[in-house]
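Single-structure report; data block below.
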There are 2 protein chains.
Amino acid sequence: VTPSGEFDLIRGITADLEQSATTILGPGDDAAVLRMQGDMVVTTDLLVEGVHFRRNWTPPHQLGRKAVAVNVSDVEAMGAVPTSIVVALAFPSALEETWITQFSAGVRDECARAGVNLVGGDLSSSDHIVICVTAMGELQGQAPVTRAGARPGDIVAVRGRLGWSSAGLTVLQRGFGSPKELVLEHQCPTVPYGQGRVAAERGATAMMDVSDGLLADLGHVAVSSRVAIDVDTSSFTVTDAVARVCAATGKPALGFILTGGEDHALVATFPLDVTPPDGWYTVGSVSDGEGVTVDGQPWEGTAGWDHFAR
Amino acid sequence: VTPSGEFDLIRGITADLEQSATTILGPGDDAAVLRMQGDMVVTTDLLVEGVHFRRNWTPPHQLGRKAVAVNVSDVEAMGAVPTSIVVALAFPSALEETWITQFSAGVRDECARAGVNLVGGDLSSSDHIVICVTAMGELQGQAPVTRAGARPGDIVAVRGRLGWSSAGLTVLQRGFGSPKELVLEHQCPTVPYGQGRVAAERGATAMMDVSDGLLADLGHVAVSSRVAIDVDTSSFTVTDAVARVCAATGKPALGFILTGGEDHALVATFPLDVTPPDGWYTVGSVSDGEGVTVDGQPWEGTAGWDHFAR
């Protein structure tokens, strides 16, 4: 009474999975069993073919990595320690088996980088590839760092890259494959793993991961915290690779940095008397009021990514 | 800097959500924060348009209910107390807004029935509707009931309906809408909420929810527990509605009962000296050996559902 295809595939994906002490029971039963220290955090995200990625722009290994990275990033942004993910994958039955194998390898690679266990999942057929990852983490007694805690007088600091992913997407859209480091960043962001926790322990008052673009995401912090935020553009350095894309396209570097999404850097607010952790750089300040400004002025460009507004 | 469509939609879906004490922080931040008593369980499942449902066969309210029910059922099957779900929904941008509204209402209705909180989610556009629900629960000090604990001498007992969903699907496939109770059961199964926990406390040695069909799912128990299981067909009663479908189609009632999937009844094994809880009925027995038999014989029909084998 054992059917074949689906279960063989799952066996291949889950073979010899390493599990840490958080995982009491991994894949293979109706549900996984996890042991969390303190309160847990949970977040879920979709990656849809043709919306979030194209198969010819993102190889399966990179896509598997990205599916993990963008979700674990949300766990980091709460100040939690990421522990576990479940992965649901729907794909056309005609998809080559090597695609699945390489996607799975990417998932497992990024799990190792992020320090999380793959504890369960689901497979289905569908017309297009749809990936849904749910990531979990433990707070270990630390209070969660929400979007609502920024206070007038706080500074705003960032850890990670800004604008690389959207510059990489621009490269791909124009049919090119370099600068390679930007294309790779679009295919899978370099999430600053562990830094969400570091920021929480340093006293971050609010935190987010930059998925919609820096200004859009700071807009969420400003609304939730009922404060105004100003971004100081002199804080940013433009890397050579981004500068080359700007020179080739005529697009301004600040557009990539301020409104490019999908970098999954972390942005946090800290009290003025706190030095941000190593590797974080100050990009702005919080004051009474509302809205987000750039060098004291409203930003005139478009800001952020909305699947249904465009 | 606030984009419109996606965020308005989310606000509509999450407005005035009730949250129990398990939920420290609900929807609206990078991740939800939950307080679990004891170890937690987590499970994820996809519902794909054209694979798991058709829009013209399952109205959006019923589909929203089903997406919750089939996932919470897996939490029940571990003997845990379901607490929380996150819902990811991808849908065509041309889909009527009333579909989303009614789907969301169904999600919230079933959450109330199941006693779980909707704590987060994600929305995306896509060519077809894809739903991914992740459900969580707490074990409150109880050991999880896995598939691997059945022992020779145990009895096998079921709580819930068997064959109703697949009989309802047969009705829909033939272009009919009645018997109504079977069609409704296909559109959203009646999960015996709370009974997984009751069975665990009564000493269930192994448990599953019947999603692939009774024989297929008992096959998983037999393999995991390294035992043989025999099903006694005299245990089953055929309801009038299923009998009417059998009369109209010439299909045997036992086929629906033994191999029909998606009913999400609970099946558990109990030590011989334990009386199954109220409402559970004994359907078979566990012995040394391997495989699943029906009245002592191999089952000749097809067994179970596999997305990739058919």
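Each helix, a run of at least 4 DSSP H residues, gives -39500 (n - 2.57); summed and divided by the residues of chain B, these come to -10000 deg cm²/dmol at 222 nm. In the protein assembly as shown, taking the dipole from charged Cβ atoms about the Cα centre, the farthest positive-side position among B:GLY149, B:GLY284, B:LEU89 is held by B:LEU89.
Between B:GLN142 and B:LYS180, the contour length at 0.36 nm per residue exceeds the Cα-Cα span by 9.8 nm.
For the residues B:ALA105, B:ALA77, B:ALA200, a GNM of chain B with alpha-carbon springs under 10 Å puts the largest fluctuation on B:ALA105. With the simple model of a label 7 Å out from the Cα in the direction of the Cβ, A:ALA112 to A:THR249 spans 3.3 nm. The distance linking the stretch A:47-122 with the stretch B:167-240 is 32 Å (Cα centroid to Cα centroid, whole angstrom).
Only alpha carbons enter this Debye calculation for the stretch A:45-174, each as an equal point scatterer, and the log10 of I(q)/I(0) it gives at q = 0.09, 0.13, 0.14 Å⁻¹ is -0.32, -0.63, -0.72.
For chain A, the share of accessible area belonging to carbon and sulfur comes to 49 percent (1.4 Å probe, ligands and nucleic acids excluded). Looking at the protein assembly as shown, what % of its DSSP beta bridges pair antiparallel, to the nearest 5? Once the DSSP bridges in the protein assembly as shown are tallied, antiparallel ones form about 75 percent. Per residue, the accessible area of the stretch B:176-310 comes to 43 Å² when a 1.4 Å probe rolls over the protein heavy atoms. The charge dipole of chain A, taken about the Cα centre with unit charges on the Cβ atoms of Lys, Arg (+1) and Asp, Glu (-1), comes to about 500 debye, rounded to the nearest 20. Rounded to the nearest 20, the Cβ-based charge dipole of the protein assembly as shown about its Cα centre (Lys and Arg +1, Asp and Glu -1) stands at 500 debye. Tell me, which residues of the stretch A:50-92 get at least 30 Å² less accessible area when the other protein chains come in, versus the chain alone (1.4 Å probe)? Residues losing area: A:VAL51, A:MET78, A:VAL86, A:ALA88.
Dividing the radius of gyration of the alpha carbons in the protein assembly as shown by their Kirkwood radius gives 1.00 for Rg/Rh.
DSSP assigns beta bridges within the stretch A:161-310; of those with both partners inside it, close to 70 percent run antiparallel. Under the convention that each Lys and Arg Cβ holds +1 and each Asp and Glu Cβ holds -1, the size of the dipole of the stretch B:70-185 around its Cα centre is about 460 debye.
Taking GluC sites (Glu not before Pro) in DSSP loop conformation with at most 15 other Cβ atoms inside 10 Å as exposed sites, chain A has its longest uninterrupted site-free stretch at A:97-289.
For the stretch A:173-298, the alpha-carbon radius of gyration amounts to 1.11 times the rule-of-thumb value 2.2 N^0.38 Å expected for a compact globular protein. Inter-label distance, B:THR233 to A:SER20: 5.2 nm, where each label sits 7 Å from its Cα along the C-beta direction. Chain A contacts chain B over a buried accessible area of about 5500 Å², both sides summed; the probe is 1.4 Å and only protein chains count. Share of antiparallel DSSP beta bridges in chain B, in percent to the nearest 5? Bridges in chain B are about 75 percent antiparallel. Sorted from nearest, the other copies put their B:GLY177 label points 5.6 nm away, the label point being 7 Å from Cα in the direction of Cβ. Of the trypsin sites (Lys or Arg not before Pro) found in the stretch B:1-103, those in coil by DSSP whose Cβ has at most 14 other Cβ atoms within 10 Å are B:ARG54, B:ARG55. Relative to the longest principal axis of the Cα atoms of chain B, the long axis of helix B:60-76 makes an angle of roughly 50 degrees. The HN-Hα couplings worked out from phi for the stretch B:271-281 by the Karplus form 6.51 cos²θ - 1.76 cosθ + 1.60 (θ = phi - 60°) are x, 4, 8, 9, 7, x, x, 3, x, 8, 10 Hz, whole numbers, x standing for Gly and Pro.
Across the identical copies, the label point of A:PRO298 (7 Å from Cα in the Cβ direction) is separated from its matches by 7.6 nm, in order from shortest. By the rule of a second cysteine Cβ within less than 4.7 angstrom, chain A holds isolated cysteines at A:CYS111, A:CYS188, A:CYS246.
Of all lysines in the structure, the ones whose alpha carbon falls short of 23 Å from that of A:LYS180, not counting any fewer than 8 places away in one chain, are A:LYS66, A:LYS251. Each of A:SER178, A:ALA216, A:CYS188 was scored by the projection of its Cα onto the charge dipole of the stretch A:178-283, and the greatest displacement toward the positive side belongs to A:SER178; charges sit on the C-beta of Lys, Arg, Asp and Glu.
The values are calculated or read from the model by the stated rules, or taken from the named source; none is laboratory data. These numbers were taken from a predicted model, which means no experiment stands behind them. Methodologically, a virtual Cβ is constructed for each residue, glycine included, from the backbone with ideal geometry; neighbour enumeration extends over all protein chains shown. Areas reflect the complete protein model, heavy atoms only, side chains present, ligands, DNA and RNA absent. Shrake-Rupley method; radii C 1.70, N 1.55, O 1.52, S 1.80 Å.
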